[in-house]
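Encoded as structure tokens, the structure appears first; notes follow it.
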Amino acid sequence: MPWQIDMIVLFFVILCAVAAITVKDLLSTAILFGAYSFMMCLLWAVMGAVDVAFTEASVGAGVSTVFFVAAVFRTSRRTKD
Amino acid sequence: MNNYPALIVIAPLLAALFAGLAVWIEDRLSYYIAILGLAVSSFSALKVLIQVIESGTIQYKMAGWDAPVGIEYRIDLLNAMVLLLISGIALFNLIASYKNVEQEISDRKGSFYTIYLLFVTGLLGVTATGDLFNLYVLIEITSLTSYAMVALSDKDRGPLASLNYIFIGVIGASFYLLGVGYLYMKTGSLNMMDVADIIASQHDSSTVLVGFILCMIGVWIKMALFPMHVWLPNAYSYSPVAFSRVVAPLMTKVMVYVMIRLMITVFGFEYIFNTLHLSEAVVWLATIAVLAGGVLALAQDNLKKILAYIIVCEIGYMVGGAWLGNQSGMTGAILHLLNDALMTFALFLGLGNMVYMLGKVKLNNLQGLFSRMPWTMTGFVVAAFSIVGVPPTCGFFSKWYLISGAFEAGAYHFAAALIISSLICAILFFKVFEICFFQSSPDLQGQGHGHKFQVMAEAPVSMLIVSNLVSFSLIVVGVFSGTIVKTIILPFLQGI
Amino acid sequence: MKFFGFVVVCLVGGLLLYGTADFPDWGDPDSPASTHLSDIYIEHAFEQTQVPNIVTAILADYRGFDTMFETAVIFCAGLACFLLLRDFKERKERFYRHVPTGVILHVKNSKKALRVGRDFEHIDKDWIPSDLIIKTVCRILIPFIQIYALYVVAHGDFSPGGGFQGGVIFGSSLILLAISYDLKILVRRIKEKVLGICAAAGVLVYVGIAAICMPMGKSFLDYSALEMFVFDPHHVRALGMLGVEIGVGIAVAAVMAIIYINIVSEGRHDEGL
Amino acid sequence: MGMTDIIPLIVAKYNYWLFVVLMMIGLYAMIAKNNLIKKLVGMNIFQTAIILFYVSIGYKSGATLPIIQNVHEGHGHAAIHAADYINPLPHVLMLTAIVVSVATFGVAMALAVKIYQRYHTLEEDELRMRLSEK
């Protein structure tokens with residue numbers, strides 16, 4: 001498996017992670033978090049862990065993000081950092 | 001086919017699920033299901049302990065697969081003892097808790113018992129398993145249940161304390177998982193015995209070293225060793241009393257058990273004490289933990305918090321004893337694991353009775369308690385004596401082993417810390433007793449009855465029986481300490 | 001706190017990097033992890049369990065004991081959310097919409113509840129008219145998502161997937177129903193009681209199948225004890241795995257819905273996204 | 001050491017280095033961030049980084065997915081070579097770990113909602129202020 005693909009995806013994963021924790025709006029964090037999970041899922045698919053990738057796609061990028069949005073809906077989007 | 005080892009863990013799990021179903025049919029049923037499940041579990045644990053004493057280590061292959069391929073339960077003298085301890089304490093606590101639960105969480109009893117059973121299942125599984133990853137999953141069950149419980153009771157601060165507990169708990173469990181990953185990297189196996197065989201030839205690997213450190217830090221966080229203890233006092237004082245009575249004696253002790261298991265079975269003394277040179281640092285850490293726990297306990301004014309900090313102090317005893325690197329120290333640590341679980345349980349039973357009758361347990365609420373709740377206080381005093389280490393209660397004997405181990409190892413600072421902390425505990429409890437004994441309750445004093453007679457307002461009989469029975473067992477265990485050491489602990493240590 | 005965090009991160013990061021020094025290369029086929037147990041599983045899994053997806057074979061058979069507790073963790077999470085958030089008190093304020101005219105009424109006293117019928121409907125506080133396109137598309141999609149979820153559960157032996165993934169997908173189809181229409185419709189269609197019972201019963205299916213093996217004379221979870229119950233003894237392990245995967249699927253789907261409903265309605269089960 | 005030596009070293013190890021970086025991003029967010037939800041995001045990054053680590057352990061170059069091919073054609077069991085398939089064990093472990101992490105995440109979100117109900121804020125410093133007022 002070409003390691004170049006792995007490296008590029010990994011770069012995006014780290015980018016999404018940093019963005020998710022620095023952006024100053026929790027709804028944006030939720031979306032970036034979903035993107036992060038999906039990038040992670042791609043990374044695992046590249047490494048051949050299809051079952052794990054499938055689970056992450058349905059859980060991390062799917063249901064977790066929905067929980068996240070639901071919680072933000074019931075709390076607030078405001079964040080200081 | 002001998003299915004008792006599996007039954008110890010499965011019975012409470014099945015009971016939890018049936019209790020979870022019973023919530024939707026009839027709430028009261030769940031209590032009886034819980035009692036039944038834990039009774040089966042305790043009985044199996046007793047059977048297993050007898051079998052292990054008679055015929056040695058039992059291996060139970062889950063799904064019928066041989067050890068490194070499948071998951072195995074490997075029950076030797078140490079975990080047979082701890083299993084009986086856990087299931088017994090959980091059962092007795094359940095008997096004593098009926099009224100507490102009615103009082104505190106009457107609208108969600110069924111769910112409470114379900115969570116309680118799942119928690120006990122987790123503890124039992126952690127103790128019985130011989131597989132590193134299975135251990136992680138079960139630690140997560142115990143953690144998740146305790147997060148829920150901490151948030152439940154105290155409506156005010158509970159949720160925040162629980163969320164902080166989640167953060168620390170996740171870091172602890174993740175460090176452990178990461179450590180297992182590092183070991184897996186070098187060994188390719190997850191079974192404890194198998195991993196031990198493979199790393200025996202890789203003692204100089206930095207990966208194994210980091211794996212070891214990560215596992216230890218994870219377990220220390222989970223057991224609240226001193227600098228990592230911040231979550232414990234809040235977590236234990238906010239959970240419902242019926243739950244804190246089981247989580248306080250068992251959760252930390254089970255983590256101490258995990259530490260001892262990792263040290264003995266997976267890494268081996270040879271690696272820890274001869275290849276690494278960490279033991280002195282850890283004994284110093286334990287010394288600081290013992291002293292800090294004692295001092296912090298002195299500063300509290302709430303009985304729940306005092307007891308929580310005493311636990312922090314006791315953890316220092318066990319960690320220090322295990323890391324002294326000699327037989328007396330390890331014997332002391334294992335014996336103290338047993339004794340401390342019983343002592344803490346007895347103390348928290350007394351606390352539960354007080355909470356039931358008084359509501360709040362700040363120190364100035366406790367005035368005149370000796371005359372109002374004499375039976376509760378009898379049990380409480382015996383437990384307190386045992387914590388201080390007065391013979392013939394069991395606390396004395398384990399401290400004896402620990403101190404002699406400390407002298408053997410030349411760790412005089414640790415021995416000194418043990419003695420100082422015993423003094424601190426003595427001061428602390430006499431302060432409590434003074435309030436309970438000499439000062440009479442203010443609301444009763446002013447009523448002008450003419451004579452100093454106070455109404456007895458004792459907790460229900462079921463709670464009293466359990467609390468006095470457990471306190472009595474402290475003396476029994478103390479008297480039979482020699483037998484326990486000879487039949488269980490020494491054969492275990494020699495069999496390594 | 002920032003400085004403290006930075007110090008901790010540097011220390012831990014340094015420790016972890018120190019540990020990587022002795023790692024085998026990434027992707028090295030001869031690393032201990034890829035040779036010791038892995039080879040046994042790869043070479044024997046199919047022959048012993050008749051399941052081509054080795055991950056499923058390990059998940060539900062060799063290490064099925066882990067998976068059982070994993071399902072218990074999920075059940076526990078659902079129960080915890082229920083226990084923490086569920087609030088049986090009704091909201092005092094209510095909002096109604098007069099359907100023919102579109103006028104919205106705000107009733108502050110809960111005793112003066114309006115009768116919900118053809119004229120009035122009970123609506124959320126932050127009600128916005130639902131979009132016809134979204135509704136229609138979701139109505140078409142949901143059955144397909146559910147069938148796909150069942151496929152993922154049933155086909156987990158042969159392809160990626162299994163009870164957990166299928167359960168999550170099924171649960172998300174329920175959540176989609178709530179998002180596209182209204183939380184009330186979901187709660188009305190699937191009662192809380194049904195979800196609660198499904199969550200416990202799903203785990204019970206797993207533990208039950210595993211426990212039946214004990215009185216049959218084999219150890220816990222040893223599916224080969226179930227030979228007399230199945231029509232095809234050669235595939236007894238594969239069928240046992242299918243059984244437990246179905247249990248996992250039921251439990252997970254129910255728990256996902258429970259968590260979502262409780263979070264989004266703050267435990268009141270009346271209004272939400 | 002020329003370029004030709006460095007690249008294989010980087011290729012061999014970069015995955016592990018970057019997993020450490022990712023994990024430390026999560027840990028830092030958990031410790032240093034002020035908002036509870038941000039901390040939760042950090043927690044999730046921390047956990048997924050560990051999963052990434054395990055999945056990286058399982059990767060084997062020159063091997064394919066751990067699903068046995070051609071089962072319906074070949075009747076014998078002889079044709080399975082361990083070197084052809086990726087190590088499946090870490091995948092199994094990580095499925096469990098993902099489940100555990102989503103369970104924790106759900107409970108934590110429920111707690112966050114409950115904290116907000118009570119204090120109308122999720123910022124730690126404000127929460128601390130509210131608590132000390134009482």
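Restricted to region B:156-178, and to residues there that are farther than 28 Å from C:L16 by Cβ and within 11 Å of chain C (Cβ to nearest Cβ), the residue that is modelled with the lowest pLDDT is B:G158.
Just one of the numbered conditions (1) within 14 Å of chain A (Cβ to nearest Cβ); (2) touching a residue at least 40 places away in the same chain (Cβ under 8 Å) is not true of C:I134: (1). In region B:347-361 there is no residue that is more than 16 Å from B:P240 (Cα to Cα) and touching a residue at least 40 places away in the same chain (Cβ under 8 Å).
Among residues of region B:389-417 being not in a helix (DSSP H, G or I) and not hydroxyl-bearing (S, T, Y), the one that is surrounded by the fewest Cβ atoms within 10 Å (Cβ to Cβ) is B:G410. Taken over region C:98-154, residues that are assigned to a loop (DSSP other than H, G, I, E, B), surrounded by 10 or more Cβ atoms within 10 Å (Cβ to Cβ) and of a type outside the set (G, A, S) amount to 10. When residues in region C:244-269 are screened for being in a helix (DSSP H, G or I) and either among the aliphatic types (A, V, I, L, M) or surrounded by fewer than 21 Cβ atoms within 10 Å (Cβ to Cβ) (or both), 16 of them pass. Given the condition assigned to a helix (DSSP H, G or I) and of a type in the set (S, T, Y), answer yes or no: does some residue in region C:158-167 qualify? Within region C:158-167, not a single residue is assigned to a helix (DSSP H, G or I) and of a type in the set (S, T, Y).
In the condition set (1) among the β-branched types (V, I, T); (2) under 21 Å from the mean Cα position of the chain (by Cα); (3) surrounded by fewer than 24 Cβ atoms within 10 Å (Cβ to Cβ), B:I334 is compliant with all but (3). Within region C:1-39, being crowded, with 17+ Cβ neighbours inside 10 Å and of a type in the set (D, E) holds for one residue alone: C:D22.
Determine, yes or no, whether B:A151 is over 25 Å from C:D39 (Cα atoms), crowded, with 24+ Cβ neighbours inside 10 Å and at pLDDT below 90. So B:A151 passes the test.
Residues that are of a type in the set (F, W, Y), under 30 Å from C:T35 (Cβ atoms) and buried (at least 24 other Cβ atoms within 10 Å of the Cβ) are absent from region B:109-130.
For region B:46-76, the candidate set comprises residues that are touching a helix residue (DSSP H, G or I) at 6+ places or on another chain (Cβ under 8 Å) and on the phi > 0 side of the Ramachandran plot; within that set, the residue that is surrounded by the fewest Cβ atoms within 10 Å (Cβ to Cβ) is B:G64. For C:V207, indicate whether it is assigned to a helix (DSSP H, G or I), over 30 Å from A:A70 (Cα atoms), in contact (Cβ under 8 Å) with a residue 60 or more places away in the chain and β-branched (V, I, T). Considered against the rule, which asks whether it is assigned to a helix (DSSP H, G or I), over 30 Å from A:A70 (Cα atoms), in contact (Cβ under 8 Å) with a residue 60 or more places away in the chain and β-branched (V, I, T), C:V207 comes out as yes. Within region D:81-90, can one find any residue that is at pLDDT 90 or above, closer than 26 Å to D:V11 by Cα, in contact with a Gly (Cβ under 6 Å, 6 or more places away or on another chain) and part of a loop (DSSP other than H, G, I, E, B)? Checking region D:81-90: at least one residue is at pLDDT 90 or above, closer than 26 Å to D:V11 by Cα, in contact with a Gly (Cβ under 6 Å, 6 or more places away or on another chain) and part of a loop (DSSP other than H, G, I, E, B). Residues in region D:1-35 that are at the interface with chain C (Cβ under 7 Å from one of its Cβ atoms) and farther than 30 Å from A:K24 by Cβ were compared, and the one that is surrounded by the most Cβ atoms within 10 Å (Cβ to Cβ) is D:N15. When you look at B:I8, is it within 30 Å of B:G188 (Cβ to Cβ), touching a Ser or Thr at 6+ places or on another chain (Cβ under 7 Å), in contact (Cβ under 8 Å) with a residue 12 or more places away in the chain and buried (at least 24 other Cβ atoms within 10 Å of the Cβ), yes or no? Against the criterion (within 30 Å of B:G188 (Cβ to Cβ), touching a Ser or Thr at 6+ places or on another chain (Cβ under 7 Å), in contact (Cβ under 8 Å) with a residue 12 or more places away in the chain and buried (at least 24 other Cβ atoms within 10 Å of the Cβ)), B:I8 qualifies. Considering only region C:84-93, I want to know if a residue exists there that is farther than 19 Å from D:I98 by Cα, at pLDDT below 90 and assigned to a helix (DSSP H, G or I). Yes: region C:84-93 contains one or more residues that are farther than 19 Å from D:I98 by Cα, at pLDDT below 90 and assigned to a helix (DSSP H, G or I). For beta carbons closer than 8 Å, sequence separation of 6+ or different chains, a first residue in region A:57-74 that is more than 7 Å from every other protein chain (Cβ to nearest Cβ) and aliphatic (A, V, I, L, M) and a second that is surrounded by fewer than 24 Cβ atoms within 10 Å (Cβ to Cβ) and outside any helix (DSSP H, G or I), the qualifying pairs are A:V69/C:L273.
Quick grid of which residues meet (1) within 19 Å of the chain's Cα centre (by Cα); (2) farther than 24 Å from B:G130 by Cα:
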position: B:V241; (1), (2): yes, yes
position: B:A248; (1), (2): yes, yes
position: B:V258; (1), (2): yes, no
position: B:W284; (1), (2): no, yes
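Within region B:222-243, residues that are closer than 18 Å to B:A346 by Cα reach partners that are at pLDDT below 85 and of a type in the set (S, T, N, Q) with beta carbons closer than 7 Å, at six or more positions or on different chains, in the pairs B:S239/B:S153; B:P240/B:S153.
The values are calculated or read from the model by the stated rules, or taken from the named source; none is laboratory data. Quantities reported herein were computed from a predicted structural model and do not represent experimental measurements. FYI the Cβ positions are ideal-geometry reconstructions off the backbone, even for glycines, and counts take in every protein chain you see.
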